[in-house]
Structures are given as structure tokens and as C-alpha cells.
Amino acid sequence: MSRKLFGTDGVRGRANSWPMTAELALKLGAAAGRYFRRDGSGAHRVVIGKDTRLSGYMLENALTAGFCSTGMNVLLLGPMPTPAVGFLTKSMRADVGVMISASHNPHQDNGIKFFGPDGFKLSDAAEAEIEAMIEGEIAPAKPENIGRAKRIDDGRGRYEEFVKTSFPTGLRLDGLKVVVDCANGAAYRTAPEVLWELGAEVIPIGTAPNGTNINDRCGSTHTDTAAEAVVAHGAHVGLALDGDADRIMILDETGRVADGDQIMALLAARWADEGRLQGGALVATVMSNLGLERFLAARGLRLERTAVGDRYVVERMREGGFNLGGEQSGHIVMTDYATTGDGLVAGLQFLAEMVRTGRRASELTRSFETVPQLLKNVRFSAGARPLEVASVRQVIEGAERRIEGRGRILIRKSGTEPLIRVMAECEDEALLVAVVDEIVGAVEAAV
């Protein structure tokens, strides 16, 4: 069954434009409510969290109406990290969880993603069924069975207590000065509070959301702000989260950035030494650097690659019984602790390594030398299919022949934005730039 609404991470788009309209959100809520109430039994509940976007209010209310119309009771969490919704869906015995967020995208965008009762994101098949239900008639509940909605005031506190359990017993962050950039997003209170409670001297930035400044020159996709704060305050380390706090970038004491590949390398090596790395493998996407694969191989470990999207990483982890995975973009998935990427938990694991070893962040964020990698994006208009144009295919095939044996090329359509992503890796940097620019030029000419 195909999916048109759902992408690699739920439904996403520009707020108040299709598909991110109140009308569609209401239908999504009703369809998901009916999907999870197919047995027709007893009371059912859904938890709904959101980030700090202005459009979150509109979508939250529309989803609530849709769920209540099919007899689901709604528990409203308010601003909450995406991993918190996964955790609370399971701990509160809900049938389904919903996160309203467009992650690292600007405030004009928003999205809706679903979690099953086990706290994991829904499968492609489940999303396809929900999407199909939207196109048909969704049976409403009888008047006496309409659901109720209730605000949950202690959701953040529950999640914070859980997050602290991921930090090793007996360790504290006393003496560490930590910059944490919350991207004016969902973790603007959670992250500083957890770090402070564990003993760190916290320098919080990106903690004044106003509905339109989420990810605006801050957070994991705009690390210059955090880097400047690290240097200005003489901090030992910086943690830069994205708008829904499911991804992280680490900044060392000089302000230099370490991406998800370096974080995963550190954790994989540590866990392997401790006998904790299940299956002797790390799961990552096709975007992860070749240097990471070589680093793992030198230690007798494997890199299992998946399609881009943390949901596909998690699916492979569950299939193979692996407990560590993630993306170069900073999604770090540790199923010993969480059901999805959790930037704060990943940050705490890194800080624990700093405390345990006494080493500086700059020493821990360079586990391997990266193979030169170049990524460029080409925006395209609705309806355009540049990768199907013959001239584009010819250029791509020629570039692949030139780089064969010395690197690799990966070209894909983004699952969250109207972008063609052109990525290549090669030890020969001149060739790397040449092949990427050739492909980008061909795509631009076709859009």
C-alpha cells in the first residue's frame, strides 16, 4: 500500500498549507483514532506533544478534535522533546502518541508523526493504512462515547527523571561548564534543568521561544551561535540540539563541531570494550562517512547501512537485535534507553565519557579521520522530477564512472523538503568537487 502524505518522518509541510492544514490534521486524528480503536473495546488514550512553533496550537487543537470524535481520550503534554513523547506513550499506557514538529526546519513548517503503544514510530504499513482511511468514511463515536481532553502538567518532570537514569550511577557533572543550545525549541526547559541537576555549570542559549524563532540561527543546524558561546564563556563543551531535541551536535572547547558519526564512533568503541554493543555492529545510514566504516572495521565491528531516516535505522536495529545506531545529522538511537533519537541522552553519554576518562572534548570528538565528503542541495518546484530527466541521468552515470574505485556518489530526494541532495565522498578532493558540481549543474538545468 503506497503512501502520499507520509514521508520519512511523518507528514510535513508549510504550516496552513496542504498538507499541514487544520482540516487535514483533524482527519489524521480521526483516522489514527479509528485505526487504534478497531477492536471497539473500552477507553483508549493518545498523548500529544509539540515543539514551540506558533502553528502547533492550531494543529494540536485539530488533532484533539479528530481523536475525540472517534472516542479517544487525549492527554496534552505541551512543549516536549520528540523522544519524550515516545517514552510517555509507553509509560502512560497510551494506544498512540503524536509529536507535532518539523524538527530542524524553520518555523514556517510543521509536521505530525505518530508513535505506537510500544513507543516506537509507526511502520510504513501502518502509516499507509491510516492514510487510506483518510480517503474514506471514518465512523464517528456515539455521542456518549466522545473522548475527553486533559492537560498533563508533569510530563516534562517524568521525562527528566527518566533521562537522568541514563547517566551512569555514581557520576556527576560537577566542575564541567556546559553550553547547551536548545534551538528555542522543545527542550528549552528540559535540557538546562537536567544538566543543572546533574551538577554542571550550565550556560543555556536558545531558551526563549516566541513561536517563530525555533531553529533561527541556533541549534544543531546552525552551530555558530553555540560555538561562539563556548569560546566566550570558556566552556568545556557545547551541546547543540535541534527544534524537537531528537538530534545533537557536540562542540569541543575550541568551538569545533563533531557530527553524529564521531559521536557514534566514540560510543560504539566504548560499548564494544564493555561488551555492551549488541551484535558487534553499529547501524547508520548511507550518508555516514566512509571513515566511520573503516574505524569500526579496524576494531572488528560492522557498519550496517540503511536508507536515510532514523525510523529506518530503528527498524534495522530491531530486526537485527542491535542497540546502537543513528545518523550523521545527529540522531543517536540507543534502544537501551530510548525508542527514537534522543539528543539529550546522547549528550549525557558523551559527558559521562568526559567525566570517566578526564579527557577534553576535543580528544573525544576525533575518533577517526573523515574521508572528504561534499553535500549540495538543489531545490525543485512541485511536480518536477529532475532525477528522471535523461540528461541528468547521463551526467550522473558519467560521474559514477569517474569516481568508481576511489569513492562513492549518493543522490536522493529529501523525504522532508523539496530538495535533491547530491553527496559524494572521495580522497581526491578536486575530483570530489568536480563530480558534485557537474551533477548539481545538470539537476539545476532540469528543474
For this session: Note down the accessible area of residue 17, probe 1.4 Å, to the nearest 10 Å².
Result: 50
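Given R₀ = 51 Å, what would the calculated FRET efficiency be for residue 438 paired with residue 132, taking r from the Cβ atoms and rounding to 0.05? List each step's numbers first, then the result.
Numbers: r = 41 Å, r/R0 = 0.81.
It comes to 0.80.
With all protein chains present and a 1.4 Å probe, how do 233, 331 order by accessible area, largest first?
Descending order: 233, 331.
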For this session: Quick one: compute the contact order of segment 284-399, relative version, from alpha carbon pairs under 8 angstrom and 6+ residues apart, as a percent.
Result: 22
Exercise. What is the gain in length, in nm to one decimal, between residue 276 and residue 174 on full extension, counting 0.36 nm per residue of separation less the C-alpha to C-alpha distance?
Worked result: 34.1 nm
Exercise. Rounded to a whole number of µm²/s, how large is the Stokes-Einstein D of segment 326-437 at 25 °C and 0.890 mPa s, given Rh as the Kirkwood radius over C-alpha pairs?
Worked result: 144
Problem set entry | In Å², nearest 10: area of residue 23 left accessible to a 1.4 Å probe | 130
Exercise. So how far, in whole Å, is the C-alpha centre of segment 177-214 from the one of segment 82-139?
Worked result: 25
For this session: Evaluate the distance, in nm, between pseudo-label points positioned 7 Å from the Cα of residue 294 and of residue 400 along their respective Cα→Cβ axes.
Result: 2.4
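Can you tell me how the chain classifies by the Cα gyration tensor, rounded, prolate or oblate, using a/c under 1.5 as the rounded cut? Walk me through the numbers on the way to the answer.
Values: a/c = 1.70, a/b = 1.17, b/c = 1.45.
The shape class here is oblate.
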Seminar exercise, completed: Once normalised by the length of the chain, the mean sequence separation of its alpha carbon contacts under 8 Å that are 6 or more apart gives a contact order in percent of 13
Seminar exercise, completed: Lys pairs in segment 1-158 with Cα under 25 Å (8 or more apart in sequence, or on separate chains) total 21
Seminar exercise, completed: Taking only C-alpha positions in segment 160-317, Rg and Dmax in angstrom work out to 16.5, 48
For this session: Express in nm, to one decimal, how much length is gained between residue 16 and residue 197 on full extension, taking 0.36 nm for each residue of separation and deducting their alpha carbon distance.
Result: 61.2 nm
Exercise. Rg (Å, one decimal) plus Dmax (Å, integer) for the alpha carbons of segment 55-99?
Worked result: 10.5, 28
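Probe radius 1.4 Å, ligands and nucleic acids ignored: give me the carbon and sulfur share of the accessible area of the chain as a rounded percent.
Of all accessible area on the chain, carbon and sulfur atoms account for 49 percent.
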Seminar exercise, completed: Here the net charge surrounding residue 276, from other residues whose Cβ is less than 9 Å away from its Cβ (Lys, Arg +1; Asp, Glu -1), is -2
Exercise. How large is ³J(HN,Hα) for each residue in segment 91-96, as worked out from phi by the Karplus curve 6.51 cos²θ - 1.76 cosθ + 1.60 (θ = phi - 60°), to whole Hz, x for Gly and Pro?
Worked result: 5, 9, 6, 7, 7, 7
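Starting from 0.36 nm per residue, how many nanometres of slack lie between residue 224 and residue 428 once their C-alpha separation is accounted for? List each step's numbers first, then the result.
Working: separation 204, 0.36 × 204 = 73.44 nm, distance 2.81 nm.
Taking residue 224 through residue 428 to full extension adds about 70.6 nm, to one decimal.
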For this session: Assuming a ≥ b ≥ c are the square roots of the Cα gyration tensor eigenvalues, decide whether segment 254-299 counts as rounded (a/c under 1.5), prolate (otherwise, with a/b larger than b/c) or oblate.
Result: oblate
Problem set entry | Spin-label pair residue 419/residue 318, simplified geometry with 7 Å Cα→Cβ offset, distance in nm | 2.7
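Between residue 54 and residue 370, what FRET efficiency comes out of the Förster formula 1/(1 + (r/R0)^6) with R0 = 41 Å and r the beta carbon distance, rounded to 0.05? The partial results should precede the final answer.
Working: r = 38 Å, r/R0 = 0.93.
So the FRET efficiency works out to roughly 0.60.
Run through the DSSP bridge list for the chain and note the antiparallel percent, rounded to the nearest 5.
Numbers: 33 of 65 bridges.
Of all bridge pairs located within the chain, approximately 50 percent are antiparallel.
Taking a 1.4 Å probe, which of 396, 205 shows the most accessible area, and what order do the others take after it? Don't skip to the answer; put the middle values down first.
Numbers: 396 5, 205 35 Å².
Reading off the accessible areas and sorting them downward yields 205, 396.
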Seminar exercise, completed: One would report the antiparallel percent of DSSP beta bridges in segment 214-357, rounded to the nearest 5, as 55
For this session: Rounded, prolate or oblate: pick one for segment 1-128, where a ≥ b ≥ c are the square roots of the eigenvalues of its C-alpha gyration tensor, a/c under 1.5 means rounded, and failing that, prolate if a/b is larger than b/c, else oblate.
Result: rounded
Problem set entry | Heavy-atom SASA rank of 113, 376 (probe 1.4 Å, accessible area, largest first) | 376, 113
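The values are calculated or read from the model by the stated rules, or taken from the named source; none is laboratory data. Just so you know, these numbers come straight off a predicted model, no measurement behind them. Here Cβ is always computed from backbone atoms with ideal geometry, including for glycine, and neighbour counts include all displayed protein chains. Side chains included, ligands, DNA and RNA excluded: accessible areas come from the protein's heavy atoms. Shrake-Rupley method; radii C 1.70, N 1.55, O 1.52, S 1.80 Å.
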